[in-house]
Each structure stands twice: as C-alpha cells, then as structure tokens.
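Asker: Structure in structure tokens, see below.
Taken together, the values in this text are just the output of simple stated rules run on the coordinates, not laboratory data. Since the model is a prediction, treat every value here as computed from it, not as a measurement. Cβ: placed from backbone, ideal geometry, glycine included. Neighbour counts: every protein chain shown.
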C-alpha cells in the first residue's frame, strides 16, 4: 500500500522577527544589492573601456555580469521592500 496523504495547499511564511531586526535586515540586504550592482557595473565598465579586454573570454564575462545584475534586480531588490512591508520574501 502506498502513501495515502493528500495535500491540497501549502502556506509559506516568512520569518517572524521584531521590527528592529527587520530594519537591520533591510539595510543588510540593501547593501548586498547595491554592492552587487556596483561590482558588476565596474566589471562591465572596465571591459568596455579597455580595448585589450575585447577578447572572447571577457565577452562572456560581460554577459555573465549582465545576467547577474538582471537576476539581482529581479529577485534581490524586492526582498528588502517585502520585508518592511510584511510580505513574504522568497530569497530568505
């Protein structure tokens, strides 16, 4: 006989923390997001400005930096906003 469990819904809850810790986490996640964008922007800027870096390896590195910035902007930017607003944060 197999498993007879029937699950019809799943509820996901975020962390239940006090408001002071929420502000600390908001600052921490905002700092990580800003550093991610700045670091990848520096990589892109250096690759574009230096003609010696116009090789296939740096071409793919620049695309990786763009993808990383896109991923951080898609997922990481909403986490601090949702944390302060009391909504669920999927990154945590």
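Asker: Just need the Rg to Rh number for segment 19-82, please, alpha carbons only, Kirkwood Rh.
Answerer: Result: Rg/Rh = 1.15.
Asker: At a 10 Å Cβ-Cβ cut-off, how would you order 69, 57, fewest neighbours first?
Answerer: So the residues, fewest neighbours to most, are 57, 69.
Asker: With r as the distance between the Cβ atoms of residue 9 and residue 71 and R0 = 35 Å, compute the FRET efficiency 1/(1 + (r/R0)^6) and round to 0.05.
Answerer: Working from the Cβ atoms, E equals 0.75.
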